[in-house]
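Below is one structure, written out as structure tokens; comments come after it.
The values are calculated or read from the model by the stated rules, or taken from the named source; none is laboratory data. Model, not experiment: these values are computed from the prediction. Counting neighbours? That spans all protein chains shown, and the Cβs are built from the backbone with ideal geometry, glycine included.
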Amino acid sequence: MDDFIKQKLSGLLDLLRNPGIKSKQAAFNAYYGDLTQVKEIVSWEKIVEVMKQETGITFDARTASNMYGRTRRKIELTENKIAKKNSITSADKVQEAGKEDKQNIATQKKVSNPGDLRKLRNRPIDLDDLKDGD
């Protein structure tokens, strides 16, 4: 079981061993997915024990759990912002479609009686007129 935990958390353990990494929280953020998979199988006490054996860093299970919780809240907040942005974008598309419908209705109202429609159908189309904006 320890080998599985070591294998899954190898990236996290490497970051924690690296003296250039000043923040343990940043390491937890980077390997949140791996921690989630391991957490589903074993307890925080076991995870912390393996981290201590592999890196020499001592912190308790509660600290690790708190760091994991901070990462989870940060990720959920980011996902909520993305979902909200996507829903706003969808609402904008609906509004744009509504504007197009209003424009089409306004265009349709210009030809309101059969006499105007006959005139429109009988009108010759000249390509030069179309280029001028008619």
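Listed values, structure above:
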quantity	calculated
Condition check for Glu49: free of Cβ contacts under 8 Å to residues at least 24 places away in the same chain and either touching a Cys at 6+ places or on another chain (Cβ under 6 Å) or surrounded by 14 or more Cβ atoms within 10 Å (Cβ to Cβ) (or both)	yes
Top-ranked residue in the stretch 4-21 [being charged (D, E, K, R) and within 14 Å of Val42 (Cβ to Cβ); ranked as farthest from the chain's Cα centre (by Cα)]	Lys6
Residue check for Ile21: touching a residue at least 12 places away in the same chain (Cβ under 8 Å) and either out of contact with any helix residue (DSSP H, G or I) (no Cβ under 9 Å at 6 or more places or on another chain) or farther than 13 Å from Ala64 by Cβ (or both)	no
Residue that is farthest from Arg73 (Cα to Cα) [pool: residues in the stretch 17-46 that are small (Gly, Ala, Ser) and surrounded by fewer than 15 Cβ atoms within 10 Å (Cβ to Cβ)]	Gly20
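Per-residue answers, yes or no, for (1) touching a Ser or Thr at 6+ places or on another chain (Cβ under 7 Å); (2) modelled with pLDDT under 90; (3) more than 14 Å from Asp2 (Cα to Cα); (4) not small (Gly, Ala, Ser):
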position	(1), (2), (3), (4)
Ser23	no, yes, yes, no
Ser43	no, no, no, no
Lys46	no, no, no, yes
Arg62	no, no, yes, yes
